[in-house]
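The values are calculated or read from the model by the stated rules, or taken from the named source; none is laboratory data. Quick caveat: nothing in here was measured; it's all calculated off a predicted structure. Virtual Cβ from ideal backbone geometry, glycine too; neighbours counted across all protein chains shown. Ligands, DNA and RNA are excluded from the accessible area calculation, which covers all protein heavy atoms including side chains. Shrake-Rupley method; radii C 1.70, N 1.55, O 1.52, S 1.80 Å.
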Amino acid sequence: RWSTPEHIKRKWPTTEEQVRVLKDTSYQATIKGGITIRPDRPCFGKLGAPVTLITNHYLVQSKLDSATLYDVSVFNEETGAAGQDLAPEILEVEFLRELMMKVATAHKWKHSWAYDGRKAVVAAADLCRPGESSLNHLVEMMEQGRMRTFLVVVTAGNLVKLSNIAAFIASKSGPRMDTPQDALQVLDMVLKHGAAFRKGWWVLKNSSLIFPPQRIDARHRDIGGLAEAWMGCSQTLRPVQRGLTVNIDMSVTAFVKAGPVMDLVLQELRIRDPAVLKKGIDVRQRRKVTAAVERRMIETTHLPHKHSFKCKGLTKKSAAEETFDHDGVMVSVADYYAKKYKPLKYPNLPCLNVGTTKRPTSIPMELCIVKPGQRKGKLDAMQTAAIIKHACKVPVERIKSVEENVKLLGLATEPTVQAFGMQVDTEMLQVKGRVLPAPIVSYGGGSTIQPDGGAWNLINTKFYEPKALQHWAVVVLTDRATVQTPREGEGASLNSFFNDFMSVLKVCGMAVEKPAMVVYKDSPGQSIQSLMQTAQTAIMQTKNHPGQLILVVLPEKDVQLYKEVKFESDVRLGVPSQCVVMKTACIGHMPRKPRAQYIANVALKVNTKLGGVPSVICASAQMPFHLQPAAALSWLADSFDKRPFMFLGADVTHAVVKRENSRSIAAVVGSMNRSGTRYAARICVQQGEKNIETITGLKDAVKGLLLEFYQQNRGLKPERLVMYRDGVSEGQFDMVLETELPMIRAACLEMGDGASQYCPPITLIIVQKRHHTCLVAANDGETDRSGNVLPGTVVDTDICHPRQYDFYLNSHAGIQGTNKPAH
């Protein structure tokens, strides 16, 4: 088994050294003018063995003091500036870029300008004539099949001080400066400008993603369901302690496969023979097709010149039934196209509506194609697995891919970058990191384990607090012949798995009785609801108990099947369920390798669902000091009855398809015990604006969790709250402090009594995983067996925020690909 290299262990500090450097580094946010201000970094970490790392950040120098921001408006020549501004909602980004290039060429702007593809142009020199603040230019362009003339109006706006970036990075102490977002956005536009205007390159608007044509062979990889993975790169500017850097990484993004809309319909409805669609589609099929085509950009194929539209959904009636006024006569869509073009193959299908709900514009599906370059929404399990496979690269390969992207982007020699006085390094940044020693984990019977290499073995290990499994049943979602008398032999039978399962539970310290009943799905017509209900009824009849657990044997990994099982057990029955997959559990298949470790992992989950505690972090006085919490975390080591605490977790899930009645869902959980293995949950529907990230019902959710904690812990209230917040971008940090933190405080105040207020200290931790920073060991001897950085690797210098308290932590061992540290 792989273990931490000895030379790393030797660098871990001694107990005396730890005592010298471990101090109470607690710090508090300050409140100024009623607004909570984020605290500065109290100090830099010193614990752990030092390591040298390489990261995919490249230093950027900016010598230009300021640049001018211009607003771009585009009008029809007929209406002039009094008409509707066509940029950027009406005209497409590619069209606008071509339009702006003609303006730049006519006025000889050369390379001293950059365009964001929407409404903004930034320039290193004045674009307007001396004494004028705007520029008007007429451009002739082919649009929607005919030559049209557009009026482009470029109006001078604010002067952006680019030197504020250097001042911000240098302000590590002294007066606090706000992040110069305007200057960062300007330089970001400059860095992306060259790629955006190169032929064949895709630069997505409002995104850091860039897709070079040099990767055309590897760019489009089918992932099923008329979706494809595009290979590209991401590019973002970040002010860090070492200076301004550009973070460049490889990226794999799912896109809708371009092609006929009819192919999309057939795929979505899982129909092989197109002739089936001649009869039309039912209500259920209509919902599926609407979800697939809604908000997609489509092109027509029946006209000499391509016309592009955004699909708003389907018409209520079929092409044969949908009518409109044509020269004073009501005609159906099918008849109109039959007379003017050719008869439709599928007149009984609804049309695509490219107008509005009140004033629909109908185009038959068979005459439309889906345009390329449209990002795919939510992926199914098969697509997710396929895209992970394409994106999975070990660190050496990932670094090589990043270096290839750097060469393709050519930022160091890009004329626009040079015109703005910027220099971009071509070598990755080398940074300092530390490898923290692993904590000691306590199990039952006084046994302890110190993880080595981020993993440890549970075989023959008793749980810290084992629970008895007495009232349970089994549901097998396949026929009994498949699992009881498999062709592979007795070793693969369900009974063999039961014997191994119950033996492992006993070794783990859990008392276990035989299941009340094993329910098989012998008939294809049997529903999961009826099978689960039969299992609970059997438990009630034989054990006189509503049930502790239902073990469910799945025939294969199926996300929809899993959801149905969890809905029945958690929502309908109120009984925990544990799923095992036949192949993974070697049921119906001859075991190719010992399954004791797999069953031990299942036992861990079962014990936790029964209310048990598998393990706890050891913090006794007998342990070496460097494995104990620092003084600031001493409350973790104290008796829970003396100093109770609660971990909180929160996130918001937004609707995948944006509809008028769609709402986001927020979830908040809170720990109920010292080990953090029992949690209560609160779920609330977001109120107010759509897709709002602020948890509007946070106060009630936290108060409900505090009340439940109070009831479960004999009238104790947590003396400290630790909130882990997910799904928050850097631009929303202040929102969390100014909106959500007061809600948590308000919930605590409402839990107080007349004698005293309840105001426990609150630690707010925002965890980000959607970043593109990679950490790779500079030396071969400082990696794990997968080539990733060692578990416990932490970086809080060089590439971290110049002033605020942040760090990157790789807390786990690498299994496949390149680990992404938490930030």
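Per-structure values
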{"read-out": "Within the stretch 444-488, considering residues that are in a strand (DSSP E or B) and open to solvent by 60 Å² or more (accessible area, probe 1.4 Å), the one nearest to Asp500 (Cα to Cα)", "value": "Glu465"}
{"read-out": "Within the stretch 381-390, considering residues that are out of contact with any Ser or Thr (no Cβ under 9 Å at 6 or more places or on another chain) and buried (at least 16 other Cβ atoms within 10 Å of the Cβ), the one nearest to Val252 (Cα to Cα)", "value": "His390"}
{"read-out": "Candidates Glu738, Glu782, Glu719, Glu750 - the one that is in contact (Cβ under 8 Å) with a residue 60 or more places away in the chain, open to solvent by 60 Å² or more (accessible area, probe 1.4 Å) and over 28 Å from the mean Cα position of the chain (by Cα)", "value": "Glu719"}
{"read-out": "Extreme residue, farthest from Asn164 (Cα to Cα), among residues of the stretch 67-88 that are open to solvent by less than 30 Å² (accessible area, probe 1.4 Å) and part of a strand (DSSP E or B)", "value": "Phe75"}
{"read-out": "Cβ-Cβ under 6 Å pairs, at least 6 apart or on other chains, the stretch 51-69 side over 30 Å from Gly787 (Cβ atoms) and among the acidic types (Asp, Glu), far side open to solvent by 10 Å² or more (accessible area, probe 1.4 Å) and not in a strand (DSSP E or B)", "value": "Asp65/Ser163"}
{"read-out": "Enumeration of residues in the stretch 327-347 that are surrounded by fewer than 10 Cβ atoms within 10 Å (Cβ to Cβ) and either of a type in the set (Gly, Ala, Ser) or part of a loop (DSSP other than H, G, I, E, B) (or both)", "value": "Asp327, Gly328"}
{"read-out": "Among the candidates Val121, Val190, residue that is buried (at least 19 other Cβ atoms within 10 Å of the Cβ), assigned to a strand (DSSP E or B) and either more than 32 Å from the chain's Cα centre (by Cα) or not small (Gly, Ala, Ser) (or both)", "value": "Val121"}
{"read-out": "The listed residue being without any contact (Cβ under 8 Å) to a residue 60 or more places away in the chain and not aliphatic (A, V, I, L, M), out of Asp263, Asp249", "value": "Asp263"}
{"read-out": "Residue list for the stretch 408-427, restricted to those being surrounded by fewer than 21 Cβ atoms within 10 Å (Cβ to Cβ) and either within 28 Å of the chain's Cα centre (by Cα) or at positive phi (or both)", "value": "Leu408, Gly410, Gly421"}
{"read-out": "The lone exception for Gly174 - which of (1) at pLDDT 85 or above; (2) out of contact with any His (no Cβ under 8 Å at 6 or more places or on another chain); (3) open to solvent by 20 Å² or more (accessible area, probe 1.4 Å) it fails", "value": "(1)"}
{"read-out": "Of the criteria (1) among the hydrophobic types (A, V, I, L, M, F, W, C); (2) under 21 Å from Gly792 (Cα atoms); (3) under 25 Å from the mean Cα position of the chain (by Cα), which one Ala777 fails", "value": "(3)"}
{"read-out": "All positions within the stretch 348-360 that are in a strand (DSSP E or B) and touching a helix residue (DSSP H, G or I) at 6+ places or on another chain (Cβ under 9 Å)", "value": "Pro350, Cys351, Leu352"}
{"read-out": "Residues of the stretch 102-118 satisfying the condition of being under 19 Å from Ser73 (Cβ atoms) and either hydrophobic (A, V, I, L, M, F, W, C) or not in a loop (DSSP other than H, G, I, E, B) (or both)", "value": "Lys102, Val103, Ala104, Ala106, Trp109, Trp113, Ala114, Tyr115"}
{"read-out": "Test: Thr763 is assigned to a loop (DSSP other than H, G, I, E, B) and surrounded by 12 or more Cβ atoms within 10 Å (Cβ to Cβ)", "value": "no"}
{"read-out": "Residues of the stretch 124-168 classified as among the polar types (S, T, N, Q), within 21 Å of Ala82 (Cβ to Cβ) and open to solvent by 40 Å² or more (accessible area, probe 1.4 Å), total", "value": "4"}
{"read-out": "Condition met for Ile815 (surrounded by fewer than 18 Cβ atoms within 10 Å (Cβ to Cβ) and in a strand (DSSP E or B))", "value": "no"}
{"read-out": "Flag for Leu96 being surrounded by 17 or more Cβ atoms within 10 Å (Cβ to Cβ), of a type in the set (A, V, I, L, M) and over 24 Å from Ser66 (Cα atoms)", "value": "yes"}
{"read-out": "Filtered residue count, the stretch 300-336, keeping only those that are under 17 Å from Met262 (Cα atoms) and touching a His at 6+ places or on another chain (Cβ under 9 Å)", "value": "1"}
{"read-out": "Only one of Lys378, Lys358 that is within 15 Å of Lys312 (Cα to Cα) and surrounded by fewer than 14 Cβ atoms within 10 Å (Cβ to Cβ)", "value": "Lys358"}
{"read-out": "Selected residue (only one of Gly525, Gly509 is outside any helix (DSSP H, G or I), touching a residue at least 60 places away in the same chain (Cβ under 8 Å) and either surrounded by fewer than 15 Cβ atoms within 10 Å (Cβ to Cβ) or of a type outside the set (A, V, I, L, M) (or both))", "value": "Gly509"}
{"read-out": "Checking Ile281 against (1) in a loop (DSSP other than H, G, I, E, B); (2) surrounded by fewer than 17 Cβ atoms within 10 Å (Cβ to Cβ), the condition it does not meet", "value": "(2)"}
{"read-out": "Test: residue in the stretch 564-586 that is open to solvent by less than 60 Å² (accessible area, probe 1.4 Å), over 25 Å from His471 (Cβ atoms) and at pLDDT below 95", "value": "yes"}
{"read-out": "So Gly704, is it in contact with a Cys (Cβ under 8 Å, 6 or more places away or on another chain) and either without any contact (Cβ under 8 Å) to a residue 40 or more places away in the chain or open to solvent by 40 Å² or more (accessible area, probe 1.4 Å) (or both)", "value": "no"}
